[in-house]
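So the structure is just underneath, and the comments pick up after that.
What follows is calculated from the coordinates using simple rules that are stated; it is not laboratory data. Quick caveat, the model's predicted, so the values are computed rather than measured. Please note: Cβ atoms are built from the backbone with ideal geometry, for glycine as well, and neighbour counts cover all protein chains shown.
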Amino acid sequence: MNRVSTVETGSRNPLPEGEGGRRRRPGEGHLTQRISRPIVITQAAEGHNGKGATPHPTRLRRATLSPWERGRALILFIALIFFPLAAHAVTPAEMLADPALEARARAITTELRCLVCQNQSIDDSDASLAKDLRVLVREKLKEGMSDAEVREFIHSRYGDFVLLRPPMKPGTALLWSAPLIALLAGAAAVWMAARRRAGLAAAPAKALSEEERARLKALGVSDQDRSES
Amino acid sequence: MIVETGHYALVLALALALAQFAIPFVGARLNDAALMRVARPTAITQFLFVALSYGALTYAHVVSDFSLVNVIENSHSLKPFIYKISGVWGNHEGSMLLWALVLSLCGALIAIFSTSMSDRLRADALAMQGLLGAAFLLFILLTSNPFARVAPAPWEGRDLNPILQDPGLAIHPPLLYLGYVGFSIVFSFAAAALIGGRIDAAWARVIRPWTLFAWIALTLGIAMGSYWAYYTLGWGGFWFWDPVENASLMPWIAGTALLHSAAVMEKREALKVWTIFLSILAFSLSLLGTFLVRSGVLTSVHAFASDPDRGVFILAILVFFIGGALALFALRAGALPVGGLFAPISREGALVLNNLLLSACCATVVVGTLYPLALEALTGEKISVGAPFFNTVLIPIALPLALLMPIGQMLSWKRGDLLAALQRLRAAFVVGVLGAAAFGAWYGTPFLSIAAAGIAIYLVVGGLSDLVLRARGGSGRGSFKRLAGLPLSAFGTSIAHAGMGLTLLGLAATGWGVESIVAMKPLSFYDVGPYQIGIESVSPRQGPNYSEVFAVMAVRKNGATIATIEPAKRFYQARRMSRSEAGIVTLGLGQVYAAIGESHEDGTIDARLYWKPLVTLIWIGALVMAFGGALSLADRRLRIGVARRAAAPALEPAE
């Protein structure tokens, strides 16, 4: 039954799998993306309705829909009608066929911030802007740019804010040196405390005052006893 | 009527908090025992009134009283019962009320259990607790009143944010608050000691159980939150260096440092000034965290509402208490006598080094969290400080710290023998190196994972070998006797250190995880690490306040199905929001993790499939750490002045 559905989808979409998805992601910037979304929905809705209206030769062979088919129909219904904006971080469709290139792309995108999210990398984000950037990074890699060039390309377009690893520059010098400063300051404090302690230990004990001597005498201890022990 | 009672109880609690501050404080200055005695009953009564108020709000949520703005905005009549209860703290007003509740609970705990200390110290500490309580109750009543009514009441509420509707979230905030606010006890005692001018080993003995108590709760709270993020957010990340997460990590690191320096102070009367400073710091960082989360300076899933008035108010509380405490510290700390002497190579020396490294970590997290805010405020430049920064700068500090942990345990007080300590750790070194080699051979690169795994194993073996070495010498029977004769706190230290090792091993293993992002075709199987995963069916399902589509996936190994998982995509009607529900199965110590996304016309469904070896150790390690802490807390020598039941009533008001 499942094989039937694969054949059917195959006949509807002649492109080899993986290609089909990427084709509809031009990644021209998020505005186009937003505008193009309703079109995607309409297409889906037509496909959904069309199922009952114009019977396809292969579909005639089946009397009922399998659980898979029903589930899929519902997923389509919910996914595309109710929450069209609920995309998923890194989708299979946008991934590159070359695993090495894809790994490089992932390494880059995990260090780029999704500009409209809260402290999320574009690799993790569902936002459409993040998706555009992911696609952009992959396109640039395919064009033959090196990792550093791609990073620089994105950096020059979106500024420091896009880099999750802040660039080293005068403004961030304090940030990057914070751990070292903390360690050195702490070590200095420890050293000074140790010196103070050692100084106190080395210094001869203060001579007893008259009053203290009197109190010791009252307790029956002489000054000499104390210094001997 | 019940709601009005709750509101009124909150006002009364504020009055009681003010009394709890003023009367004992004046009493302590005048040395008037009668006035000082007012502290204990007012602290307990203040807690009861806040609890009453909290109970009233919970009642309103449970019966879906939509005449309350707070209930409308965060509840729904169809929401499952448990989320009606957890929804009380799933919003700004309610979570602040929970904060005040835990704060007053801490006051009540001091009043009930702190029997073995001077009246004056207790009176001053409870006065401080009262002042803190008053500030937060005032904040709630003036800017974040959860009892605000609306007329006419709507028929239905707007429901709770779907990603907060989760069992993990039912436990995470109360635990976290118990930890955050638990440090207020230590803070109050530090302030009281500075005011009274008497700081000695007895003081350290008083604060150590409370530090442990707060630390255990915070450890569990952070672990819980991280596991929640792991299975809710859909891609298996468990720590994002989000400012809000950092807000909980900062007091945890400071608390860990405090735990160790308080041990030195208790045993050797040394590090007094530093211990007092850390006591102030731990709670100050909790306050800073609250400010960051509640003021709207940062926006995240935790910042339920942002409002400039609230931000300014919390900033005022922050400046008043932190500034006040630090000023007091600056005035009085110089007068503190220098404590016991010790050689650089000694248990004390090792603990100083531990504190130095932990403080550097803490400072780094604080700077990393606040730097973007400060830079933007000062120069208008916007930068991001994310996970790559924190990983780069913290790993070089954290790994040496891990290496030092067992060595410190092996050194004796006052003057230690480093060579002897290293010799005693021979077994741990050997097992660590062998372990790293084995992991390297099995999983391969990255090298950081191999090195970290080796250190982790060394940490576990080193932590536990202290116990073994102390018990050894003599016949087997004698060793058992000796082992049983060791103080519980020795077990606590070893077990907590081993727990840290387990967590580190889990973290190291994330480098060996396998990820596969595929458009899954029905009934075809995809390789994920040693397993194959395939979709068997996809069907819709109706939940109480959501509808979902779930996939049944089979997990196979060598052709045989060993488990099925059900990742789902949920849609919550009331908020028109969707969230993904991961399908997870634990195999050994690792987990297979699957999340589904969009489905396509060609019948495929996007899925993220993961094999995460040893991942459960991250949280198991945290549980072990907390267990070690609990053992130390149960130690007879520490129990004086604090009962073990302390943890039980803490969770009561949530019901």
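If you place +1 on the Cβ of every Lys and Arg and -1 on the Cβ of every Asp and Glu, how big does the dipole about the Cα centre of chain B come out, in debye to the nearest 20?
2480
Across peptide B:361-373, what mean number of C-beta atoms from other chains lies inside 10 Å of a residue's C-beta?
Partner Cβ neighbours, averaged per residue: 4.
Return the ratio Rg/(2.2 N^0.38 Å) for the range A:122-199, where Rg is computed over Cα atoms only.
Relative to the rule-of-thumb radius for its length, the range A:122-199 sits at 1.84.
Over the Cα atoms of the range B:477-585, what is the Rg over Rh ratio if Rh follows Kirkwood?
My calculation puts Rg/Rh at 1.24.
Mind checking which of B:L176, B:S116, B:N91 is farthest towards the positive end of the range B:61-195's charge dipole, using Cβ charges of +1 (Lys, Arg) and -1 (Asp, Glu) about the Cα centre?
B:S116
Using just the alpha carbons, could you tell me how many Å³ per residue the convex hull of the range B:65-118 encloses?
94
For a protection proxy built on the mean count of beta-carbon atoms within 10 angstrom, sort B:49-56, B:444-451 highest first, please.
Order by mean packing, descending: B:49-56, B:444-451.
Give the whole-number value, in cubic angstrom per residue, of the convex hull volume spanned by the C-alpha atoms of chain B.
Given the Cα convex hull of chain B, per-residue volume reads 173 Å³.
Pairs of alpha-carbon atoms within less than 8 angstrom and 6+ residues apart define the contacts here; what relative contact order does the range B:514-612 have, in percent?
27
Please report the spacing between the Cα centers of the range B:86-125 and the range B:401-426 in Å, no decimals.
Each part's Cα centre sits 39 Å from the other's.
Which value in nm describes the separation of the simple spin-label points at A:Y158 and B:L469, placed 7 Å from the Cα toward the beta carbon?
5.1
Suppose R0 equals 30 Å. What FRET efficiency, 1/(1 + (r/R0)^6) with r the Cβ-Cβ distance, do A:C117 and B:E601 give to the nearest 0.05?
Plugging the Cβ-Cβ distance into 1/(1 + (r/R0)^6) gives 0.60.
Using +1 at the Cβ of each Lys and Arg and -1 at the Cβ of each Asp and Glu in chain B, identify which of B:P209, B:H61, B:Q423 lies farthest towards the dipole's positive end.
Farthest along the dipole direction, towards plus: B:Q423.
Sort the following peptides by mean Cβ neighbour count (other Cβ atoms within 10 Å, averaged over residues), highest first: B:145-151, B:104-110, B:262-268.
Sorting B:145-151, B:104-110, B:262-268 by mean packing, highest first, produces B:104-110, B:262-268, B:145-151.
Which entries in the list B:K84/B:K382; A:K131/B:K557; A:K131/A:K169 go over 32 Å, if you measure between the two C-alpha atoms of each?
Violating the 32 Å Cα-Cα cut-off are B:K84/B:K382; A:K131/B:K557.
Going down the list B:K79/B:K569; B:K272/B:K481; B:K569/B:K612; B:K521/B:K569; A:K217/B:K267; A:K142/B:K521, which pairs span over 29 Å between their C-alpha atoms?
B:K272/B:K481; A:K217/B:K267
Could you give the nm distance between label points at B:S524 and B:E536, where each point is 7 Å from its Cα heading toward the beta carbon?
2.1
Partner chain Cβ atoms within 10 Å, averaged over the residues of B:377-389 - can you pull that number for me?
That works out to 6 on average.
Out of the range B:429-490, which trypsin sites (Lys or Arg not before Pro) are coil in DSSP terms and have no more than 16 other C-beta atoms within 10 Å?
Passing sites in the range B:429-490 are B:R472.
Compute the relative contact order of chain B as a whole-number percentage, counting only Cα pairs closer than 8 Å that sit 6 or more residues apart in sequence.
Over chain B, the number comes to 12 percent.
Determine the shielding of peptide B:516-527 by partner chains: average, over its residues, the number of Cβ atoms on other chains within 10 angstrom of each Cβ.
The shielding value for this peptide is 4.
In whole percent, what relative contact order does the range A:92-162 give with Cα contacts below 8 Å and a gap of six or more residues?
About 28 percent, as a whole number.
Show me B:551-563, B:129-141 ranked by packing, highest mean number of other Cβ atoms within 10 Å first.
Averaged packing, sorted descending, gives the order B:129-141, B:551-563.
If you take the charge dipole of the range B:514-612 about its Cα centre, with +1 on Lys and Arg Cβ and -1 on Asp and Glu Cβ, which of B:G603, B:Q573, B:M553 is farthest toward its positive end?
Selected residue: B:Q573.
Non-local amide H neighbours of B:G157 (under 5 Å, H modeled in plane, Pro and chain starts lacking H): which ones?
B:S77
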